[in-house]
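Novice: Take a look at this one; I'll ask things after.
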Amino acid sequence: MNIEEEAKRHTQAKQEEFYDKLVTLLLPAQRHIASSLYESRMKDRSLERLEDSILMARRAAEQTGLK
């Protein structure tokens, strides 16, 4: 295995760890919103925005890397 492959695997592992932790932290927020708010457009938008945040953070990690 060359150094480029090793670096790529390391980067992918860090990104997967980041995404897994992000989802683990935000799932309780999704559940809290879903169970605490009455059915409404604002509730739906809140859940959509939370999902958008997860996807945007994942994309940022892929495009710009992680610290």
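Just so it is clear, none of the values below were taken in a lab; they were calculated from the coordinates. Since this is a predicted model, take the numbers as computed values, not measurements. FYI the Cβ positions are ideal-geometry reconstructions off the backbone, even for glycines, and counts take in every protein chain you see.
Novice: Only residues that are surrounded by 12 or more Cβ atoms within 10 Å (Cβ to Cβ) and aliphatic (A, V, I, L, M): list them for the range 49-62, please.
Specialist: Leu50, Ile54, Ala57, Ala60, Ala61
Novice: Filter the range 22-48 down to the residues that are exposed (fewer than 10 other Cβ atoms within 10 Å of the Cβ), assigned to a helix (DSSP H, G or I) and charged (D, E, K, R) and list them by number.
Specialist: Within the range 22-48, just Arg41 meets the criteria.
Novice: When residues of the range 1-49 are filtered for being among the hydrophobic types (A, V, I, L, M, F, W, C) and over 13 Å from the mean Cα position of the chain (by Cα), how many remain?
Specialist: So the answer is 9.
Novice: What tally of residues in the range 32-67 results from selecting those that are aliphatic (A, V, I, L, M) and touching a Lys or Arg at 6+ places or on another chain (Cβ under 9 Å)?
Specialist: Qualifying residue count, the range 32-67: 5.
Novice: Name the single residue that is farthest from Lys8 (Cα to Cα) among those in the range 53-67 being part of a helix (DSSP H, G or I) and more than 9 Å from the chain's Cα centre (by Cα).
Specialist: Out of the qualifying residues, it is Ala60.
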